[in-house]
Amino acid sequence: MIDRSRSEYSIMNILTGFGGYFLNTLLGYICRIVFVQCLNADYLGINGLLTNILSMLSLAELGIGGAIGYALYKPIAEKDNEKIASLMGFYGKAYRIIGCVVALLGLFMIPFLKVIIISPPNISESIYTIYLLYLFNTASTYFFSYRSALISAAQKNYIVLGLNYIITIIQSVIQIPLLILTHNYMIYLVVQTVGTFIFNFLISFIAKKMYPFITQKNAPALTKEERKKLFVNVKALTINKLSSTLVNNTDNIIITYLKGLISVGVVSNYTLLVNTLGALATQIFNGLTASVGNLNAIENKEKKYSFFKVLNLTNFWIYGWGTIGILFVCGDIVKLCFGNSYVLEFNIPLILAINFYMLGMQNAVWAYKNTMGLFKYGQYLLILTAVINLGLDFLLGYKWGMFGIYLASAISRLLTNTWYEPYAVFKYGLKINPIYYVKKYMEYIGILCITGGICYILCRMCHFTVLINVIIKILICSIVTNGMFYSCYHKTEEGKYLLNKAQKIMGRFKKRK
């Protein structure tokens, strides 16, 4: 296997993520439009609800994946195959147990479905059969996919992404005509389940071919000290995962309880757009995480902070642009794709945009926190985030409905991890005064508000057909936002670094042509 630089691996990971994600998203939206046309809104609600419930069950993973990923960075950099084999052996045993636990917890949840879904959904299939397929999809993943963590930690996430996109694109190509011909949700779901199983099996097979030493039976067990250190990180990550799941994956459950499945189906078209933008942006940070881990394992304090500033500006640029788009284009896209009956009041895209920005602006911080092994800092504070969120969900949900539930998420984040996690990274990781981060964060908000104001004025002038409005508003939000960000940051140290990297990438493409 050829060794490459951190930059080369990062570029390959990012480009694979973007290329595959573009095709996958395009087909995904076509599939979604067909889904809406062929099935009623209750099916959308079921899809969103069961996804949230099974995300809750994934808490059984207990943060082992993140802890092992961090533990792998150093032995991979040092080419310590014996240590890698030991870690992967431990990881495999843990994940097989977790798969069984998830399956059992999932079966235990079946009687409680009728408590969450008060009004029976208007569907022809049994909700329990659908749930069992979702459960199989989730639980079976643990028996195969853990080996993909080694490929990702070795800065070769482009392999994982490439295979994932190939499988999901084929899956969508099969699902679309089947939905049109049969109008059958179960067939749609079975194709999805088979696709997930094939991906998990193949990625496990590829990992064994790339790193055959991970299957050796005589790999030494981890020492008592290593296991102790690993379990400290697992405990911290478990608490982190518990609280983030309660904040991020309970909205649809509470909306179903307060407003019914149809409300979940309607708002899910907005959250689909927001999640699509978030997933697209995540391709960049997923592509960089292993390289950041390598940098933090071997570089000095100055280089770590210098690259953090670059990553933070990248974070703002991408999520600031996405936030403006959600605010002013989201409603028109929903109207174009799904019809006027699915369009919600402006306060919904507004609060979704705020949550998108707040959550997205943590990516640079999380990349450093996870790759520096700072898992224990703020672990108990995140429980407070979850408690505040759940309390406000019911309080504000009863008062303002869906808007109140999403507002609860924003308030709970603002009061806790939005400020503490950057503080922990700067104080305990980079060992730099956190005030530098706060000043930059406030500066970014100021620039974003000015940019949003300009886009708002210009977008209000659009009174054309829905399709023309979407095109013009996308152009306005893209040109104004990127123009403003470029004018503000092209002369800064981190801005020059980004522009220089962009020029080098363009230069490589020109040479290939």
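The values are calculated or read from the model by the stated rules, or taken from the named source; none is laboratory data. Here the structure is a predicted model, which is why all the values come from computation and not from measurement. A quick note on method: Cβ atoms are made from the backbone with ideal geometry, for glycine too, and the neighbour counts reach across all protein chains shown. Side chains are part of the model used for accessible areas, which takes the heavy atoms of the whole protein and leaves out ligands, DNA and RNA. Shrake-Rupley method; radii C 1.70, N 1.55, O 1.52, S 1.80 Å.
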Fill in the blank from the handout: For Ser487, the accessible surface traced by a 1.4 Å probe with all protein chains present amounts, in square angstrom to the nearest 10, to 70
Fill in the blank from the handout: With every protein chain kept in place and a 1.4 Å probe, the stretch 393-513 has an accessible area per residue in Å² of 60
Handout entry: Ranked order, Arg460, Arg32 - accessible area, probe 1.4 Å, largest first
Key = Arg460, Arg32
Completion exercise
One finds the C-alpha centres of the stretch 382-445 and the stretch 146-170 to be spaced, in Å, by 31
Handout entry: Low-density loop cleavage sites - trypsin sites (Lys or Arg not before Pro) in the stretch 413-459, where at most 14 other Cβ are within 10 Å (DSSP)
Key = Lys431
Problem - Length released on extending from Tyr29 to Ser306, taking residue separation times 0.36 nm less the Cα-Cα span - result: 95.9 nm
Practice task
In nm, give the distance between the simple-model label positions of Ala279 and Met109, each being 7 Å from the Cα along the Cα-to-Cβ direction.
Solution key: 1.9
Exercise for the section: Extending each Cα 7 Å along its Cβ direction at Tyr441 and Cys100, get the distance between those two points in nm, one decimal. Expected result: 4.3
Handout entry: Extension gain from Lys217 to Thr182, taking 0.36 nm per residue of separation minus the Cα-Cα distance
Key = 7.7 nm
Handout entry: His490, His183, His463, ranked by accessible area, largest first (probe 1.4 Å)
Key = His463, His183, His490
Practice task
Go ahead and run the numbers for FRET between Leu499 and Val466, Cβ-Cβ distance against an R0 of 35 Å, rounding to 0.05.
Solution key: 0.45
Practice task
Kindly identify the stretch 92-169 as rounded, prolate or oblate by the Cα gyration tensor criterion: order the square roots of the eigenvalues as a ≥ b ≥ c, call it rounded if a/c is under 1.5, otherwise compare a/b with b/c, prolate if a/b is larger, else oblate.
Solution key: oblate
Problem - Extension gain, Ile474 back to His490 (0.36 nm per residue minus Cα-Cα distance, nm) - result: 3.5 nm
Completion exercise
Taking r as the C-beta separation of Val232 and Gln37 and R0 as 45 Å, the FRET efficiency to the nearest 0.05 is 0.30
Practice task
Normalising by the residue count of the stretch 341-484, find the relative contact order in percent from Cα pairs under 8 Å and 6+ residues apart.
Solution key: 22
Fill in the blank from the handout: Checked against the positive end of the charge dipole of the stretch 75-206 (+1 on Cβ of Lys and Arg, -1 on Cβ of Asp and Glu, about the Cα centre), the farthest of Asn137, Ile167, Ser126 is Asn137
Problem - Exposure rank, largest accessible area first [Val292, Val466, Val194; 1.4 Å] - result: Val194, Val466, Val292
